Amino acid sequence: MSEHLKFIVEQLNKDPFKKNFNLITFDSLEPMQLLQILNDVLAEIDPKQAIDIREEMPEQTVKRISALLGMLKYKPPGSLSDVSSFRQGLVTGRKPVIHPILHWLLQRVPELKKRAYLARFLVKLEVPAEFLQDDVINDTYHQYEELVEGFKTYHKECEQLRTSGFSTAEIRRDISAMEEEKDQLIKRVERLKKRVESVSNHQRMLEQARQLRVEKEREESLSQQKQEQKNQLFQAEQRLQRSQQQLKDLRQAAADANPESLIKRLEEEIKINSYMVSEKLPKELDAMRRTVQYLQKVASEPAMGQADLHELEDKIKEVDSQINQLIEKRMMRNDPMDDKLTLYRQQASIIVRRKESKAEELQEVREELAAAERELRQRSSQAQGSDGEVVIRGDELKRLVVKLRSKGTMYKKKRQEIAELKAEYGVLQRTEDILKQRNEIVQQKLQTVEAEKGISGYSNTQEELERVSAIKSELDEQKGRTLDDMSEMVKKLNSMIVEKKSALAPIIKELRSLRQLCQELSQEYEEKKAQYESCAAGLESNRSKLEQEVKALREETAQEENRYHYINSMSEIIEMQIQRAADEMKAYVSSDPQERKKAIREVYMKNISEQELLGKKLREKQKMVRENHSDNMEQMKMWRDLEQLMECKRQCFIRAQSQASIGQVIQEGGEDRLVL
């Protein structure tokens with residue numbers, strides 16, 4: 001889930017949204033803000049959805065978003081397959097509903113844009129069946145369906161043209177270039193025809209030229225076959241050398257091996273494999289499972305805020321302090337049996353670490369060996385599939401590049417000439433068409449005039465005779481020129497062949513010797529390379545062993561230093577305790593009363609006696625309180641009664657004072673009279 005949130009935040013921070021969110025701010029958004037972001041993403045896909053949801057009723061918002069998601073073929077996750085719960089989640093803006101929708105939309109924005117665009121034209125309108133009974137509506141609906149089908153075909157053609165990689169401008173340029181080339185070639189062919197037709201006996205000379213071309217092609221094919229056979233021979237020699245070297249290595253390995261060494265090697269491999277299977281791989285598997293469980297637990301929990309992080313940091317600090325306290329308590333106990341076992345524990349841990357490091361190195365070496373074997377098989381298959389092709393060296397590659405450059409310049413020149421010939425051909429073809437049109441007009445006029453004069457066909461007969469005589473004269477001239485040219489060309493070619501053979505003879509001899517030297521040097525290079533690789537592998541293994549030993553010794557030194565500092569501090573603490581005990585004994589044994597008073601024992605005894613006296617006084621006081629408790633309680637009750645009596649008298653006095661202010665009471669003869 002965290003990966004989905006990270007992807008959503010990254011996409012929203014890019015164009016065209018530019019929201020500038022992070023994981024915390026995005027996770028703390030209100031439901032209304034989350035719905036607005038979903039609406040903005042949908043508006044990017046379909047511009048009709050660009051609405052402020054605060055100005056819209058929630059039911060309309062949910063209906064609009066649900067309709068668009070259905071059109072885009074969005075399927076809710078398994079827990080949200082219920083339509084009512086999904087709609088309720090959209091209304092309330094719940095994160096488990098909105099986040100999967102945003103992740104799905106942002107993954108395929110271009111595809112959804114295209115789908116939304118096509119939906120505007122391909123989603124058919126639903127017309128009730130009773131309305132279709134009307135002929136006008138039915139015809140209109142059929143036209144609408146035909147337009148939809150036409151839109152489908154046009155859209156498919158448009159997509160095919162877009163994906164084909166061709167543009168109309170390039171096609172037009174290619175067509176114009178091809179037409180120009182065609183015109184130039186036609187003009188050139190016409191010129192060559194005119195030159196050849198004027199030569200006498202030109203058919204025989206053309207036949208000889210054709211035979212010469214065939215022989216040249218045959219010579220080139222034979223030279224190619226010869227070169228291929230040389231290459232195959234060279235490759236066969238190289239394969240023979242490699243096979244001989246492999247046979248030599250195998251014989252040496254077989255000579256050095258004996259049954260005991262083979263059995264010992266197999267036993268070592270069995271031990272290593274059993275350790276890998278029984279100890280190392282299960283540990284790694286358990287660690288991976290724990291990591292996966294932890295990651296699943298983290299992914300299932302909700303996003304954490306800053307307060308949660310502070311709380312976790314406080315818990316971590318508390319746990320660290322508890323661990324330190326336990327370590328200090330364990331160090332204070334200082335069990336001698338544990339001290340004896342610590343050395344063995346350290347040695348065992350060092351051996352386990354060495355074992356694990358060697359197993360990791362072995363696994364890495366095996367992976368490298370497997371990769372090298374795969375590469376070797378791939379290279380060998382490529383070499384077998386090349387079917388006799390020669391690997392190009394540095395100098396040959398340079399010569400090939402120079403040759404290709406020269407051919408490239410020649411190709412550009414020829415292409416320019418062809419373009420010029422095409423342009424000239426186009427102009428001449430246009431001129432020819434114009435002249436043909438004029439000729440037809442003139443011929444029609446001439447035929448009408450001949451018909452009027454009664455000599456129809458005269459001009460055609462005259463032109464035919466002139467044309468035949470002209471063709472005959474041109475052919476005679478061409479035959480003569482062609483024969484002379486062909487004989488001169490044959491002489492030149494023979495002389496050039498002789499010169500080339502004489503010039504190539506010493507180069508071929510030198511090449512043979514150099515090729516032999518190259519084979520010897522390559523064989524020596526392979527031997528030296530194998531020696532270097534074996535020596536380098538031995539040195540590398542020794543270096544790695546020394547590095548592991550140095551690392552283990554450094555760890556052991558660090559542990560011994562820690563143990564030394566711990567023992568040193570404990571010895572200082574014990575010395576201080578011994579010093580305090582000696583001072584106490586000295587003060588206790590001393591005859592001087594002042595010194596004895598300074599002793600801790602005397603101080604504690606004095607404090608004990610004082611506390612005993614204080615306790616005795618308190619017990620006596622407690623006894624006296626218990627004995628006088630009943631008398632004191634009775635006296636306290638009498639005082640309370642007295643207090644009530646005095647209060648009653650005070651109230652009576654106050655009442656009498658109030659009555660005296662109203663009148664006077666006179667008592668006479670046992671009668672009370674009030675005088676006002």
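The values are calculated or read from the model by the stated rules, or taken from the named source; none is laboratory data. What you see is a predicted model; the values in this text were computed from it and never measured. With ideal geometry, Cβ positions are generated from the backbone for all residues, glycine too; neighbour counts draw on all protein chains shown. SASA here: full protein model, heavy atoms, side chains in, ligands and nucleic acids out. Shrake-Rupley method; radii C 1.70, N 1.55, O 1.52, S 1.80 Å.
Annotations for the structure displayed:
- Condition met for residue 196 (modelled with pLDDT under 75 and in a helix (DSSP H, G or I)): yes
- Residue-level check: of (1) closer than 23 Å to residue 122 by Cα; (2) touching a residue at least 24 places away in the same chain (Cβ under 8 Å), residue 92 misses just (1).
- Count of residues meeting criterion [within 30 Å of residue 276 (Cα to Cα) and modelled with pLDDT of 65 or more] in the stretch 305-356: 12
- Any hit, the stretch 103-117, residues being exposed (fewer than 11 other Cβ atoms within 10 Å of the Cβ) and either at pLDDT below 80 or under 19 Å from residue 37 (Cα atoms) (or both): yes
- For the stretch 12-31, the set of residues classified as open to solvent by 70 Å² or more (accessible area, probe 1.4 Å) and either charged (D, E, K, R) or in a loop (DSSP other than H, G, I, E, B) (or both) consists of 14, 15, 16, 18, 20, 22, 28, 30, listed by residue number.
- Among residues of the stretch 210-224, those that are over 18 Å from residue 496 (Cβ atoms) and of a type in the set (D, E, K, R), counted: 1
- One residue alone among 508, 497 is hydrophobic (A, V, I, L, M, F, W, C), modelled with pLDDT under 80 and either over 30 Å from residue 227 (Cα atoms) or surrounded by 10 or more Cβ atoms within 10 Å (Cβ to Cβ) (or both), and that residue is 497.
- Just one of the listed residues (656, 660, 599) is open to solvent by less than 90 Å² (accessible area, probe 1.4 Å), modelled with pLDDT under 90 and in contact with a Phe, Trp or Tyr (Cβ under 6 Å, 6 or more places away or on another chain), and it is 599.
- Residue that is least open to solvent (accessible area, probe 1.4 Å) [pool: residues in the stretch 266-289 that are under 19 Å from residue 365 (Cβ atoms) and basic (Lys, Arg)]: 280
- Qualifying residue in the stretch 64-75 (condition: within 29 Å of residue 121 (Cα to Cα), touching a residue at least 60 places away in the same chain (Cβ under 8 Å) and under 29 Å from the mean Cα position of the chain (by Cα)): no
- In the stretch 420-454, the residues that are closer than 16 Å to residue 191 by Cα and surrounded by 11 or more Cβ atoms within 10 Å (Cβ to Cβ): 420, 421, 422, 423, 424, 425, 426, 427, 428, 429, 432
- Among (1) under 16 Å from residue 358 (Cβ atoms); (2) surrounded by 12 or more Cβ atoms within 10 Å (Cβ to Cβ); (3) free of Cβ contacts under 8 Å to residues at least 12 places away in the same chain; (4) not small (Gly, Ala, Ser) - the single one residue 548 does not satisfy: (3)
- Leading residue by the ranking (most open to solvent (accessible area, probe 1.4 Å)) among those in the stretch 207-232 that are touching a residue at least 40 places away in the same chain (Cβ under 8 Å) and among the hydrophobic types (A, V, I, L, M, F, W, C): 212
- Options 559, 594, 611; residue that is assigned to a helix (DSSP H, G or I) and surrounded by fewer than 10 Cβ atoms within 10 Å (Cβ to Cβ): 594
- Matching entry among 90, 34, 72 (being touching a His at 6+ places or on another chain (Cβ under 9 Å) and open to solvent by less than 40 Å² (accessible area, probe 1.4 Å)): 34
- Long-range neighbours under 9 Å by Cβ, at least six apart or interchain, first residue at pLDDT 85 or above within the stretch 514-541, second assigned to a helix (DSSP H, G or I): 523/241; 523/245; 526/241; 526/242; 526/245; 527/245
- In the set (1) open to solvent by less than 100 Å² (accessible area, probe 1.4 Å); (2) at pLDDT 70 or above; (3) closer than 30 Å to residue 231 by Cα, the condition left unmet by residue 386 is number (2).
- Only one of the listed residues (587, 581) is in contact with a helix residue (DSSP H, G or I) (Cβ under 8 Å, 6 or more places away or on another chain), among the small types (Gly, Ala, Ser) and free of Cβ contacts under 8 Å to residues at least 40 places away in the same chain. That residue is 587.
- Residues within the stretch 151-193 that are modelled with pLDDT under 85 and either in contact with a Gly (Cβ under 9 Å, 6 or more places away or on another chain) or small (Gly, Ala, Ser) (or both), tallied: 4
- Residues that are touching a residue at least 60 places away in the same chain (Cβ under 8 Å) and open to solvent by less than 90 Å² (accessible area, probe 1.4 Å) were ranked within the stretch 191-205; the one that is nearest to residue 491 (Cα to Cα) is 205.
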